[in-house]
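Here's the structure we're looking at; comments come further down.
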Amino acid sequence: MIDLYQRSDFYLQRLNPMVKLGCLAVVIFSMVLCTDPITPLIVAAAALAALRVLGGVPWRAIFPLLTPFLLFAAAFLWMSILFPAERGGTLLLRMGPLLVTWENVWNGLSLGMRSLVFGVWSLLFSLTTVPVKLMLGLVQHCKLPPRFGYGTMAAYRMIPLFRQELEHIRAAHRIRGLGEARGIKGKWEQWKRYAIPLLAQAIRKAERTAIAMESKGFDDSRDRTYYERIPWTMRDIAFGGGTILLLLAVFLLRQLWLS
């Protein structure tokens with residue numbers, strides 16, 4: 001399902017992966033300097049809107065993936081209330097020995113919203129970026145050595161093969177009368193039976209892939225040509241400039257609001 005969104009023909013999917021990666025880094029760095037919850041809330045809401053409108057990802061796919069980040073943000077708020085670095089002076093609520101102060105709630109919301117921004121922008125990047133294009137972009141524009149870039153792509157493409165190989169091993173065991181085990185000890189023994197042939201297959205495939213890549217010149221010994229180029233376009237400039245303008249506007253409003 002994620003692969004379907006990554007390969008859609010929407011605005012975010014047509015961007016150069018490097019500009020999205022750069023914007024993600026800029027947003028994360030800017031949020032480190034932020035100490036209030038309103039600013040990251042606006043930045044997170046803008047990313048969610050972009051993911052839905054410009055990326056074509058439906059809400060039913062966004063919210064399940066967003067749930068762990070919401071729980072993480074709630075954990076920051078809860079920990080700031082329970083174990084504050086300093087007890088605030090504006091009391092909001094007393095629950096026995098627990099004192100809930102406005103300053104602790106504010107700090108917890110700030111930490112939680114910042115973590116939510118990291119999660120939302122990471123989703124924007126991962127749900128709209130094809131991993132192969134990301135590796136090609138790193139090789140072509142960031143001078144990542146081809147042996148690492150193409151090696152990573154080869155490893156990524158092996159994941160479905162390992163899943164298929166695991167299903168073959170399970171079927172072979174069932175044919176031989178070794179059905180699904182029960183209990184913790186039985187499951188552990190079963191996975192040990194699966195792990196040995198799966199590891200052997202992984203080593204064999206990795207060795208063959210390494211030999212094939214070396215024989216075809218996937219190293220740093222020559223100037224390479226590429227079957228698919230990852231170009232820079234006006235869309236990339238517009239998205240990068242829009243992200244920077246959004247951050248500048250939000251921080252300017254923050255200064256006016258706090259002053």
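If you go through the range 1-28 and pick out every residue that is part of a helix (DSSP H, G or I) and under 22 Å from VAL117 (Cβ atoms), you end up with 17. Among the residues that make up the range 149-158, is at least one of them in contact (Cβ under 8 Å) with a residue 40 or more places away in the chain, buried (at least 20 other Cβ atoms within 10 Å of the Cβ) and not small (Gly, Ala, Ser)? Yes, the conditions are met somewhere in the range 149-158.
Residue-by-condition table, conditions (1) assigned to a loop (DSSP other than H, G, I, E, B); (2) closer than 17 Å to GLU228 by Cα; (3) under 20 Å from the mean Cα position of the chain (by Cα); (4) acidic (Asp, Glu):
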residue: TRP121; (1), (2), (3), (4): no, no, yes, no
residue: LEU124; (1), (2), (3), (4): no, no, yes, no
residue: VAL132; (1), (2), (3), (4): no, yes, yes, no
residue: LYS143; (1), (2), (3), (4): yes, yes, no, no
residue: ALA155; (1), (2), (3), (4): no, no, yes, no
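Within the range 144-165, the set of residues being basic (Lys, Arg) and modelled with pLDDT of 75 or more comprises ARG163 only. Scanning the range 233-259 for residues that are in a loop (DSSP other than H, G, I, E, B) and either of a type in the set (Val, Ile, Thr) or in contact with a helix residue (DSSP H, G or I) (Cβ under 8 Å, 6 or more places away or on another chain) (or both) yields a total of 1. Which of the residues spanning the range 115-146 are of a type in the set (S, T, N, Q) and farther than 15 Å from ARG14 by Cα? The answer is SER115, SER122, GLN140.
For every residue, the table says whether it meets (1) of a type in the set (Phe, Trp, Tyr); (2) surrounded by 14 or more Cβ atoms within 10 Å (Cβ to Cβ); (3) without any contact (Cβ under 8 Å) to a residue 24 or more places away in the chain; (4) in contact with a His (Cβ under 8 Å, 6 or more places away or on another chain).
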site: ASN104; (1), (2), (3), (4): no, yes, no, no
site: ASN107; (1), (2), (3), (4): no, yes, no, no
site: MET113; (1), (2), (3), (4): no, yes, no, no
site: GLN140; (1), (2), (3), (4): no, yes, no, no
site: HIS168; (1), (2), (3), (4): no, no, yes, no
site: TRP188; (1), (2), (3), (4): yes, no, yes, no
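When the residues of the range 220-259 are filtered to those that are of a type in the set (Phe, Trp, Tyr) and within 28 Å of LEU136 (Cα to Cα), the one that is modelled with the highest pLDDT is PHE239.
The values are calculated or read from the model by the stated rules, or taken from the named source; none is laboratory data. This structure is a prediction, so every number in the text was calculated from the model and none was measured. Because the Cβ atoms are built from the backbone with ideal geometry, glycine has one as well, and the counts that use them run over all protein chains shown.
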